[in-house]
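Reading through the structure tokens given below for one structure.
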Amino acid sequence: MTNVTVSKGESPLVFGQPHSGLFIPPEIESRLNEAGRAKLDTDWHVDRLYDGLIDDVTVVKAEFHRYVIDANRDPSGKSLYPGQNTTGLTPLVTFDDEPIWADAPTAEEIEARRKTYHAAYHNALSDEIERIKSLHGFAILYDCHSIRSHLPFLFEGRLPDLNIGDNNGATCAAEITNAVESVCRAQDQYSYVVNGRFRGGWTTRHYGKPDKNVHAIQMEIAQHCYLESETPPFAYSNDKAAALRIVLKNILEAAIDAAKRLY
């Protein structure tokens with residue numbers, strides 16, 4: 001299996017999908033415990049949720065699971081949220097703070113995975129961002145995520161439905177973020193927040209350079225919005241997803257229109 005799948009388009013938009021992959025090499029999966037093999041912390045069906053929403057969009061998807069290595073973490077291992085609970089470059093626990101390894105990887109093994117998987121994903125993503133920027137003079141990286149809505153280890157209470165992150169305005173022009181927020185504000189089906197618990201992961205922070213005409217924004221979606229249940233088998237709900245896809249399409253179109261007005 002290829003570690004990264006790239007679907008090339010010519011829209012100004014690039015989708016990053018670092019956490020919807022399910023592949024774990026057998027030699028790594030054999031070292032996970034039962035909790036790890038359940039893959040609870042997958043961004044379940046995010047690729048399906050966004051499929052076909054925008055014509056000619058570029059998609060870069062990590063096919064490997066985040067338990068192999070997390071493609072949305074700083075490759076140095078530095079925490080994205082100092083002082084807050086989170087998981088690392090290669091997670092040792094679930095989002096419920098439950099150990100996932102029967103035989104945890106060594107530092108040397110994590111470094112080997114970084115070179116094989118993490119670097120491959122970001123090499124592909126960087127290439128596609130630069131290609132789209134060369135076509136339009138700018139690019140929008142939209143980082144696609146989802147997560148269970150109740151995770152006391154990570155946050156109190158219930159997560160808002162739509163969590164928009166641009167690292168407090170550092171990774172995306174305000175006009176683009178405001179356009180996304182305006183779509184969220186105009187509907188009443190889903191709650192939302194800007195730069196709440198999730199302000200954007202390493203991908204958003206690394207690539208988002210508005211002064212260089214690359215705008216990055218993360219969307220973290222509470223999974224109850226489009227799954228039948230936030231418990232195994234995490235089945236996709238066609239009815240829930242259909243409603244959410246309308247809002248997401250409006251968000252994406254608004255982001256593109258706002259960027260085009262800037263350039």
Between ARG114, ARG31, ARG199, where does the largest GNM mean-square fluctuation fall for the chain, given springs only between Cα atoms within less than 10 Å? ARG31
Relative contact order [Cα under 8 Å, 6+ residues apart], the chain, whole percent: 22
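Do me a favour and compute the ellipsoid semi-axes for the range 4-262 from its Cα gyration tensor, root of five times each eigenvalue, largest one first, whole Å. All intermediate terms of the calculation are to be shown ahead of the outcome.
Numbers: eigenvalues 155, 91, 57 Å².
Computed over the range 4-262, the values are 28, 21, 17 Å.
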In nm, to one decimal, how far is the modelled label at ALA170 from the one at SER76, with both set 7 Å along Cα→Cβ? 1.2
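Multiplying the sequence separation of PHE234 and GLN189 by 0.36 nm and subtracting their Cα-Cα distance, what value in nm do you get?
On the way: separation 45, 0.36 × 45 = 16.20 nm, distance 2.15 nm.
Full extension from PHE234 to GLN189 adds 14.1 nm.
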What's the extension gain from GLU27 to ARG48 if we count 0.36 nm per residue and subtract their Cα-Cα distance? 4.8 nm
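How charged is the neighbourhood of ILE164? Take every other residue with its Cβ under 13 Å from the Cβ of ILE164, and add Lys/Arg as +1 and Asp/Glu as -1.
Numbers: positive: ARG185, ARG197, ARG199; negative: ASP143, ASP161, ASP166, GLU181, GLU220.
Charge balance near ILE164 sits at -2.
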Hydropathy first: keep DSSP H helices in the chain averaging at least -0.5 on Kyte-Doolittle, then drop any whose Cα extent along the axis falls short of 30 Å, and list what survives. 238-262
DSSP beta bridges in the chain: the antiparallel percent, rounded to 5, is 35
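Each value in this text was obtained by applying a stated rule to the coordinates, not by laboratory testing. The model shown is predicted, which means the values in this text are computed figures rather than measured ones. Using ideal geometry, Cβ is built from the backbone for each residue, glycine included, and neighbour counts are taken over all protein chains shown.
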